[in-house]
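Presented below is the structure to which this report refers.
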Amino acid sequence: MSMIDSSKFVKATKTAFVFPGQGSQKVGMLAELAEQFSGVKETFAEASEAIGFDLWHIAQSGEGLNQTEFTQPVLLTASIALWRVWLELGGVAPKYLAGHSLGEYSALVAAGSLSLGDAVKLVNLRGKLMQDAVPQGAGAMAAILGLDDAKVVELCQQVTAQENGSVEAANYNAQGQVVIAGATAAVEAVMSLAKENGGKATALPVSVPSHCSMMKPAAEKFAEALAQTNIQLPKIPVIQNVSAQAATDVDTLRQALTAQLYESVQWTKTMQLLQDQGISYIAECGPGNVLANLAKRLPNIEKAFPLDTQSRMEDALNAILVAEGKIA
């Protein structure tokens, strides 16, 4: 399937697309849609050719699917396959795009900022560098629920000051839901303190402590690859993770992608910005419905749609066309 030019499509005024990050992968993803739309496997073939291994096989068999260097290109490719199906079916081009962590790269491909081939190479390297930056078992991540952002930050600073290793807020996902990352002992200490303070804490099954200062060595190497990659300004505004703003020049965009490795994902602010810009409908363009479920909790979001099966895709397509006034 050749690239679909989203600039030729009817633009939405109340719809944004969001692209998920690592953790949304599942064995057999997009298998049903691939039977109906040849573009799914064509997109995987295009990405596989660029990167040199069979991404569709990994997605369907699960072999290596949870290894970060493979997870990232597989997820990105799945998201772009769904994006292309959406446009092929006549879906509106959203007013804004945003992606959670890895999903920011999917958003940039959808926006015409990065080619699919360059993006899968970048995120494959990103995964390797992240994995290599921290010895196995030395870092961890955990979700802290039921405490406000400031309290989580305070607990992280308290533990870091005790010199058991550093721990930081990594993802601000929603009010009362913050993911922390850092040295394993420090993460465990914050988890205990969070429970003492009336919150809940759940360790995440990840091998890499993303979006914290332990990733700075990876970011330095990754910046070199970004500098050599052709990046354009997005044709549809992409809200970036570290600033919760759309970049207005390519240098800022590159810097934000580098900083994204070791700075917090500002998802709460991103979703607030979308609401402030009049967005009422969210479509999650990737496997699963994690981001759609987060969006449903927001006051100004009328509906949030996952797109990862044919029935979900068709429901979203029709509902958004009606909501945008494109069909009666």
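Do we have any residue at all in the range 120-129 that's open to solvent by 10 Å² or more (accessible area, probe 1.4 Å), assigned to a helix (DSSP H, G or I) and of a type in the set (S, T, N, Q)? Yes, some residue in the range 120-129 is open to solvent by 10 Å² or more (accessible area, probe 1.4 Å), assigned to a helix (DSSP H, G or I) and of a type in the set (S, T, N, Q). Residues in the range 112-130 include at least one that is touching a strand residue (DSSP E or B) at 6+ places or on another chain (Cβ under 9 Å) and of a type in the set (Gly, Ala, Ser). The condition (being in contact with a Gly (Cβ under 7 Å, 6 or more places away or on another chain) and more than 27 Å from residue 145 (Cβ to Cβ)) is satisfied by just one residue among 321, 317: 317. On inspection, residue 164 fails the criterion of being surrounded by fewer than 22 Cβ atoms within 10 Å (Cβ to Cβ) and modelled with pLDDT of 95 or more. Of the residues making up the range 186-208, those that are modelled with pLDDT of 95 or more, outside any strand (DSSP E or B) and out of contact with any helix residue (DSSP H, G or I) (no Cβ under 7 Å at 6 or more places or on another chain) are 187, 188, 191, 192, 195, 196, 198, 199. Restricting the first member to the range 198-225 and to residues that are farther than 16 Å from residue 132 by Cβ and open to solvent by 40 Å² or more (accessible area, probe 1.4 Å), and the second to residues that are in a loop (DSSP other than H, G, I, E, B) and among the aliphatic types (A, V, I, L, M), the beta-carbon pairs closer than 8 Å and six or more apart or on different chains are 198/147.
Quick check on my filter: what residues within the range 24-46 are surrounded by 20 or more Cβ atoms within 10 Å (Cβ to Cβ) and within 18 Å of the chain's Cα centre (by Cα)? Hits for the range 24-46 are 24, 25, 29, 30. Among the residues in the range 86-97, are any among the hydroxyl-bearing types (Ser, Thr, Tyr) and not in a helix (DSSP H, G or I)? Checking the range 86-97: at least one residue is among the hydroxyl-bearing types (Ser, Thr, Tyr) and not in a helix (DSSP H, G or I). The residues of the range 47-77 that are touching a residue at least 12 places away in the same chain (Cβ under 8 Å) and farther than 18 Å from residue 125 by Cα, listed by number, are 56, 59, 60, 61, 62.
The values are calculated or read from the model by the stated rules, or taken from the named source; none is laboratory data. All values reported here derive from a predicted model rather than from experimental measurement. Every residue, glycine as well, gets a Cβ built from its backbone with ideal geometry; the counts of neighbours run over all protein chains shown. Only protein heavy atoms, including side chains, enter the accessible area calculation; ligands, DNA and RNA are left aside. Shrake-Rupley method; radii C 1.70, N 1.55, O 1.52, S 1.80 Å.
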